[in-house]
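Reviewing the structure listed below.
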Amino acid sequence: MAVRRQVLRAEVEELILQRLLEARWAPGSRLSIDGLARDLEVSPTPVREAMVSLERSGLVEYVALRGYVVAPPLDAAHMTELLDARKVVEAAALGRAFHDRDALVIDLDEAHRIHAEVLTRIGHDGTEDYALLNEHFRADWAFHQVFFAHADNRYLRTMVENLSTYSHRMRQTWSGGPETFDGHTAHHEHGLILDMVRQHHHDGALRALSAHLDGVLARSLSGFEGRARTAAGGSSD
């Protein structure tokens with residue numbers, strides 16, 4: 001019974017997460033536990049448990065007298081700090097993963113191939129198919145997870161799991177269109193990291209990883225600034 005309850009909570013959390021990433025609710029919207037329970041045809045308990053988990057990720061917030069609400073997207077300062085933390089933790093994992101370079105290459109190559117297949121279905125201009133877009137996010141993140149799978153350090157894995165939840169908030173900023181979708185660029189940058197690992201180039205791989213995460217930050221900030229300008233232009237005095 002306890003196992004089934006955990007599975008149900010995970011399923012409910014995934015469904016709510018999907019809706020958050022699809023931007024079905026505007027920032028600040030109240031998320032009724034009873035309402036979501038009726039909508040998902042479950043009891044309020046797994047919804048409440050899912051909300052606690054999503055609150056840790058920063059995707060939802062608990063507000064006194066209102067309950068859970070949709071959190072605002074990350075701002076520029078939070079994005080910068082998040083990517084800085086990822087650089088530190090991922091570089092530590094990738095550096096340690098070189099102890100078994102051959103196995104590392106095999107798994108990175110497979111993750112890179114799977115990501116390429118997803119991107120082929122998306123095309124170059126992004127997509128409004130959020131299920132497919134979520135496949136891209138998962139495939140992209142799977143490439144980075146390979147570093148931690150081969151680093152043989154359980155504490156690094158715990159640290160990146162925490163950071164990965166905050167990365168969900170950056171995904172909320174995606175708004176569609178070729179000017180914001182960077183999947184193909186990220187995949188190319190992953191390829192540069194993989195090439196350095198294939199060549200036994202430890203320092204080169206770390207530099208390629210750093211450049212990739214710098215690129216992710218630059219593209220995210222550019223999208224954030226573009227949305228801010230659009231919002232300012234569309235507002236009235």
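The values are calculated or read from the model by the stated rules, or taken from the named source; none is laboratory data. Owing to the predicted nature of the structure, the values given are computational and were not obtained by experimental measurement. Here Cβ is always computed from backbone atoms with ideal geometry, including for glycine, and neighbour counts include all displayed protein chains. SASA here: full protein model, heavy atoms, side chains in, ligands and nucleic acids out. Shrake-Rupley method; radii C 1.70, N 1.55, O 1.52, S 1.80 Å.
Name the residue that is nearest to the chain's Cα centre (by Cα), counting only residues in segment 146-155 that are open to solvent by 30 Å² or more (accessible area, probe 1.4 Å) and in contact (Cβ under 8 Å) with a residue 24 or more places away in the chain.
The extreme case among them is Ala149.
When you check Gly28 against the structure, is it loosely packed, with under 13 Cβ neighbours inside 10 Å, farther than 14 Å from Arg9 by Cβ and free of Cβ contacts under 8 Å to residues at least 12 places away in the same chain, yes or no?
Against the criterion (loosely packed, with under 13 Cβ neighbours inside 10 Å, farther than 14 Å from Arg9 by Cβ and free of Cβ contacts under 8 Å to residues at least 12 places away in the same chain), Gly28 does not qualify.
Filter segment 196-212 down to residues that are under 24 Å from the mean Cα position of the chain (by Cα) and farther than 17 Å from Ala103 by Cβ and give me whichever is surrounded by the fewest Cβ atoms within 10 Å (Cβ to Cβ).
That would be Ala211.
Could you tell me which of the residues Glu49, Glu14, Glu22, Glu41 is open to solvent by 60 Å² or more (accessible area, probe 1.4 Å), under 22 Å from Asn162 (Cα atoms), modelled with pLDDT under 95 and not basic (Lys, Arg)?
Only one candidate qualifies: Glu14.
Within segment 12-45, can you find the residues that are among the acidic types (Asp, Glu), farther than 15 Å from Gly67 by Cα and in a helix (DSSP H, G or I)?
Glu13, Glu14, Asp39
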